[in-house]
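Heads up: the structure comes next, in structure tokens.
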Amino acid sequence: YTAGTYQNAKGGMGANSATLKIRWRLPTKWDYQQADNDGIRSVMPDMGAWSNGYEWSASVLSYNRFGAWIFNGVYGYSNGLVRAHNLGVRCVGR
């Protein structure tokens with residue numbers, strides 16, 4: 001990032017781009033499940049690369065508001081966890 005524009009490899013999309021603004025969010029549990037069904041673990045080599053394979057999702061647990069869903073990028077499953085843990089995050093464009 002230099003002089004208000006991103007590199008061409010990133011599509012030139014940034015906060016100062018004239019044509020398109022990118023906003024980021026955490027993926028939901030459904031986003032992770034759909035991406036896993038579509039083969040994300042086969043095409044993204046960094047899935048599960050940090051936090052023992054776990055990443056936070058934006059989905060809060062319905063049975064425990066202090067918890068959220070996490071996704072395991074190594075094995076492709078979701079689990080609930082109290083939000084006090086230090087795990088990785090992945091942002092997606094919206």
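Couple of notes before you dig in:
- Scanning segment 61-94 for residues that are out of contact with any Asp or Glu (no Cβ under 8 Å at 6 or more places or on another chain), assigned to a strand (DSSP E or B) and farther than 16 Å from residue 33 by Cβ yields a count of 4.
- Among (1) of a type outside the set (Phe, Trp, Tyr); (2) surrounded by 13 or more Cβ atoms within 10 Å (Cβ to Cβ); (3) in contact with a strand residue (DSSP E or B) (Cβ under 6 Å, 6 or more places away or on another chain), the one test that residue 91 misses: (2)
- For segment 61-78, residues that are without any contact (Cβ under 8 Å) to a residue 24 or more places away in the chain and under 15 Å from residue 27 (Cα atoms) total 4.
- Among the residues of segment 50-60, the one identified as farther than 21 Å from residue 34 by Cβ and either in contact (Cβ under 8 Å) with a residue 40 or more places away in the chain or among the hydrophobic types (A, V, I, L, M, F, W, C) (or both) is 50.
- On inspection, residue 35 fails the criterion of being open to solvent by less than 100 Å² (accessible area, probe 1.4 Å), among the hydrophobic types (A, V, I, L, M, F, W, C), modelled with pLDDT of 75 or more and not in a helix (DSSP H, G or I).
- Count of segment 44-88 residues which are exposed (fewer than 13 other Cβ atoms within 10 Å of the Cβ), closer than 25 Å to residue 23 by Cα and modelled with pLDDT of 90 or more: 1
- Considering (1) open to solvent by less than 70 Å² (accessible area, probe 1.4 Å); (2) modelled with pLDDT of 90 or more, the lone condition that residue 14 does not fulfil carries the number (2).
The values are calculated or read from the model by the stated rules, or taken from the named source; none is laboratory data. Note that the structure is a prediction, hence the values are computed from the model and not measured. Backbone-built Cβ (ideal geometry, glycine too); neighbour counts: all protein chains shown. Keep in mind that these areas ignore ligands, DNA and RNA; they rest on the heavy atoms of the full protein, side chains included. Shrake-Rupley method; radii C 1.70, N 1.55, O 1.52, S 1.80 Å.
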